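Read through the structure below, which is laid out as structure tokens, and then see the notes.
The values are calculated or read from the model by the stated rules, or taken from the named source; none is laboratory data. In this text, all values refer to a predicted model and were calculated from it rather than measured experimentally. Cβ coordinates were reconstructed from backbone atoms using ideal geometry, including for glycine residues, and neighbour counts include every protein chain displayed.
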Amino acid sequence: MPSSERTPVSVGGQLYVVATPIGNLEDLTERARQVLAKADLVAAEDTRHSGRLLNHLGLNKQMLALHDHNERARVNQILEALSQGQSVALVSDAGTPLISDPGYILVREARAAGYQVSPVPGACALVAALSAAGLPTDQFLFAGFLPAKRAGRKAALESFKRQPATLVFYESPHRICDFMEDLIEVLGPERECVLGRELTKTFETFYAGTAAKVFADLQADPHGSKGEFVVMVRGSDEAPGAEAAVDADKLLAMLVKELPVKKAARIVSDVCGLGKNELYQRALVLKGG
Ligand code: SAM
């Protein structure tokens, strides 16, 4: 049997979540092509956009538009197709569906209804960007698109200030400069940052360095604010709540066993930044106990 016939592509009553390229058509996997070829129905974020991909593959498929504004209504239609044993492929405009793209409600409901939901992995901008950025990848926090308005965006950045994991954001070309300004203001100009632009495309560019340098390089580049962006930021070196990591009471209890009460209270006050008098009273109690 030729090896291609052994590729497990099951037909009928199954939902496939199919990743498509993020710019370079050659990044479509062979399995994605097979699943699309066998699908009875292709649910696409934008049928015209995905129609061009199917056209490129020489496929003529029944398509259904499924986007943020009609997903709930479309789910029943797709569940109906699944109930008839049809094979449905979910695609978005680019990359992996559900990653800052529609499909969550469909996948959740298809699973709840007992249908098999299978991923057909492939391109995803955040993974592509992280894989080549040179930032730590042992832990990362993908925050997608932050709020479009400045106040909301700054509040979100503030909440990540002490996050030790590498931060990953998506941003659109018309907001990238505002985003970088806010990032510098909230996380500081020295925070290490890597910006991936137009990944896998002709004008793929990585800007790396401190946030201030990345922003300056972006502004100096005549094509800088064009294209699609993944912003990656090195996590904080400061552990979350580092100042509270020392348990003042425990330290005091240990010290009063070895030192005079006054001295123990002073040391704990210096280490934890707490009031000397209060610690002294507490130390007296601990010593007495
Ligand atoms: N589902 C997609 C994925 O798997 O990455 C993401 C879809 S989201 C609506 C689009 C955003 O992804 C863009 O605004 C940009 O931040 C990022 N993106 C997509 N393609 C990209 C590329 N080729 N280079 C850089 N960023 C890209």
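Some values worked out for this structure:
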| quantity | calculated |
| --- | --- |
| Single match in Lys201, Lys161 (criterion: closer than 30 Å to Ile267 by Cα, at pLDDT 95 or above and surrounded by fewer than 17 Cβ atoms within 10 Å (Cβ to Cβ)) | Lys161 |
| Criterion violated by Tyr207 - all others in (1) surrounded by 18 or more Cβ atoms within 10 Å (Cβ to Cβ); (2) in contact (Cβ under 8 Å) with a residue 24 or more places away in the chain; (3) touching a Leu at 6+ places or on another chain (Cβ under 8 Å) satisfied | (2) |
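Every residue, every condition in (1) within 16 Å of the ligand (Cβ to nearest atom); (2) over 20 Å from Pro119 (Cα atoms), yes or no:
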site	(1), (2)
Ser50	yes, no
Leu66	yes, no
Asn76	no, yes
Ser87	no, no
Asp93	yes, no
